[in-house]
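Chemist: Here it is, the structure in full.
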Amino acid sequence: MPLKPSELLQILNQKQVEFSRFHHKSAQTYQEYRRALKRVSVQSDTELTEILSDHVHPGARPLEPLGTYPNWVVPCKLSWPNRELGLQWVREHLTGVS
């Protein structure tokens with residue numbers, strides 16, 4: 001049986017503290033992640049490999065040298081005259097790639 005709007009509102013109001021707690025915790029985790037990424041993204045490939053070698057399961061390892069790209073953003077230097085051609089390129093080259 002579907003809920004009435006007033007019943008739904010009552011349930012949501014009862015959960016408001018939980019929603020606020022979840023939001024606060026998520027925001028904290030996000031900020032911790034950003035700080036950690038900022039610290040680690042300035043390390044050299046050698047330093048990063050050395051740090052990760054201490055962990056059996058580090059979660060991920062670099063597949064190739066990161067070079068001197070700020071924040072690990074490697075420019076692709078690809079451009080298309082319009083969005084449709086860009087999407088076509090994505091379908092042809094990235095479909096099925098994980």
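Chemist: Looking only at segment 12-49, count how many residues are surrounded by 10 or more Cβ atoms within 10 Å (Cβ to Cβ), of a type in the set (A, V, I, L, M, F, W, C) and more than 25 Å from GLY59 (Cβ to Cβ).
Modeler: The total comes to 2.
Chemist: List every residue pair whose Cβ atoms sit under 6 Å apart, with the two residues 6 or more apart in sequence or on different chains, where the first one lies in segment 35-57 and is within 21 Å of VAL73 (Cα to Cα) and the second, anywhere, is modelled with pLDDT of 90 or more and open to solvent by less than 50 Å² (accessible area, probe 1.4 Å).
Modeler: From segment 35-57, no pairs qualify.
Chemist: Within the group TRP89, TRP80, which residue is touching a Gly at 6+ places or on another chain (Cβ under 6 Å) and either surrounded by 10 or more Cβ atoms within 10 Å (Cβ to Cβ) or modelled with pLDDT of 95 or more (or both)?
Modeler: TRP80
Chemist: Please work out which residue is modelled with the lowest pLDDT, limiting yourself to segment 50-62 and to residues that are within 20 Å of the chain's Cα centre (by Cα) and open to solvent by less than 90 Å² (accessible area, probe 1.4 Å).
Modeler: Out of the qualifying residues, it is PRO62.
Chemist: Given the options PRO5, PRO65, name the one that is modelled with pLDDT of 90 or more and open to solvent by 100 Å² or more (accessible area, probe 1.4 Å).
Modeler: Going through PRO5, PRO65 in turn, just one is modelled with pLDDT of 90 or more and open to solvent by 100 Å² or more (accessible area, probe 1.4 Å): PRO5.
Chemist: Of (1) within 21 Å of the chain's Cα centre (by Cα); (2) hydroxyl-bearing (Ser, Thr, Tyr); (3) closer than 30 Å to PRO65 by Cβ, SER26 satisfies all except one. Which?
Modeler: Of (1) within 21 Å of the chain's Cα centre (by Cα); (2) hydroxyl-bearing (Ser, Thr, Tyr); (3) closer than 30 Å to PRO65 by Cβ, only one is false for SER26: (3).
Chemist: Six or more apart or on different chains, Cβ atoms under 9 Å: show the pairs whose first residue is in segment 62-83 and closer than 25 Å to GLU47 by Cα and whose second is assigned to a loop (DSSP other than H, G, I, E, B) and open to solvent by 100 Å² or more (accessible area, probe 1.4 Å).
Modeler: Taking only residues 6 or more apart or on different chains, the pairs are PRO70/VAL42; ASN71/VAL42.
The values are calculated or read from the model by the stated rules, or taken from the named source; none is laboratory data. The structure displayed is predicted, hence computed values, not measured ones. Note that each Cβ is placed from the backbone with ideal geometry, even for glycine, and that neighbours are counted across all protein chains shown. Surface accessibility is based on the protein's heavy atoms, side chains included, excluding ligands, DNA and RNA. Shrake-Rupley method; radii C 1.70, N 1.55, O 1.52, S 1.80 Å.
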